[in-house]
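Some notes on the structure that comes next.
The values are calculated or read from the model by the stated rules, or taken from the named source; none is laboratory data. Remember, predicted model here, so these are calculated numbers, not experimental data. Note that each Cβ is placed from the backbone with ideal geometry, even for glycine, and that neighbours are counted across all protein chains shown.
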Amino acid sequence: MCQGTEGGRIIWNPTFRAFAEYWSFEPRLCRSYRAQTKGKVESGVKYFKGNFLPGREFVDDVHLHEQLAEWMATIADVRIHGTTHERPRDRFAHEQPALLPTTGQPSFRLEAPLARLVAEDWLVSVDTNRYSVPFTLIGQPVEVHRRTPVQAILAHLARSGAPAPPGPAPPAAAARLSPSLDAVP
């Protein structure tokens, strides 16, 4: 996640940094060999593996989710947590107002940008399609970022050094494209 420090500044892995920006959280670096500064994620996994999974069989994902929902509602979320000394259900209700809603926000796409050179016919090739871009970009290197649900291309001069936004591109910087539509630089 962290690629070291430079002049007292943390150098984050670019993909992790983009993920953090996309989901609007600020990562914090824990000091080495200081277990008490780290979260207890591993304990939650151990609790799940040791208390939910043993002795259960599932015929499919739907069956697994049904059993998991029942276990969470009747056991996991109503027990007194060993660290917080609160029921997880109550703790969540207390913390929920501070959480940001993610409903409707597409998942973060872990995908490297594609480097392309704009051809003389103003087109950029992506997979088997060709997309037109402004003629001022002829001969220029651009980066192509794929977006869903409709493919959108964010093109900018690769030499500009300006990073592409990690999430869906703002309307002024990108266009939803079909092979016959123009891209905006």
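Brief remarks on what is shown
- Applying the criterion of being touching a residue at least 40 places away in the same chain (Cβ under 8 Å) and not in a strand (DSSP E or B) to the residues of the range 123-139, the residue that is farthest from residue 113 (Cα to Cα) is 136.
- Residue within the range 142-165 that is at pLDDT 80 or above and loosely packed, with under 12 Cβ neighbours inside 10 Å present: no
- Candidate set from the range 1-53 (those that are among the hydroxyl-bearing types (Ser, Thr, Tyr) and more than 14 Å from the chain's Cα centre (by Cα)); member that is modelled with the highest pLDDT: 47
- In the range 112-130, residue modelled with the highest pLDDT [restricted to those that are aliphatic (A, V, I, L, M) and surrounded by 12 or more Cβ atoms within 10 Å (Cβ to Cβ)]: 119
- Selection count, the range 79-111, where residues are of a type in the set (A, V, I, L, M, F, W, C) and loosely packed, with under 10 Cβ neighbours inside 10 Å: 4
- Conditions (1) over 21 Å from the mean Cα position of the chain (by Cα); (2) hydrophobic (A, V, I, L, M, F, W, C); (3) within 30 Å of residue 143 (Cβ to Cβ); number of the one not met by residue 59: (3)
- Test: residue 70 is modelled with pLDDT under 90 and either small (Gly, Ala, Ser) or out of contact with any helix residue (DSSP H, G or I) (no Cβ under 9 Å at 6 or more places or on another chain) (or both): no
- Every pair of residues 6+ apart whose Cβ atoms lie under 7 Å, when the first sits in the range 100-115 and is touching a residue at least 60 places away in the same chain (Cβ under 8 Å) while the second is part of a loop (DSSP other than H, G, I, E, B) and β-branched (Val, Ile, Thr): 106/148
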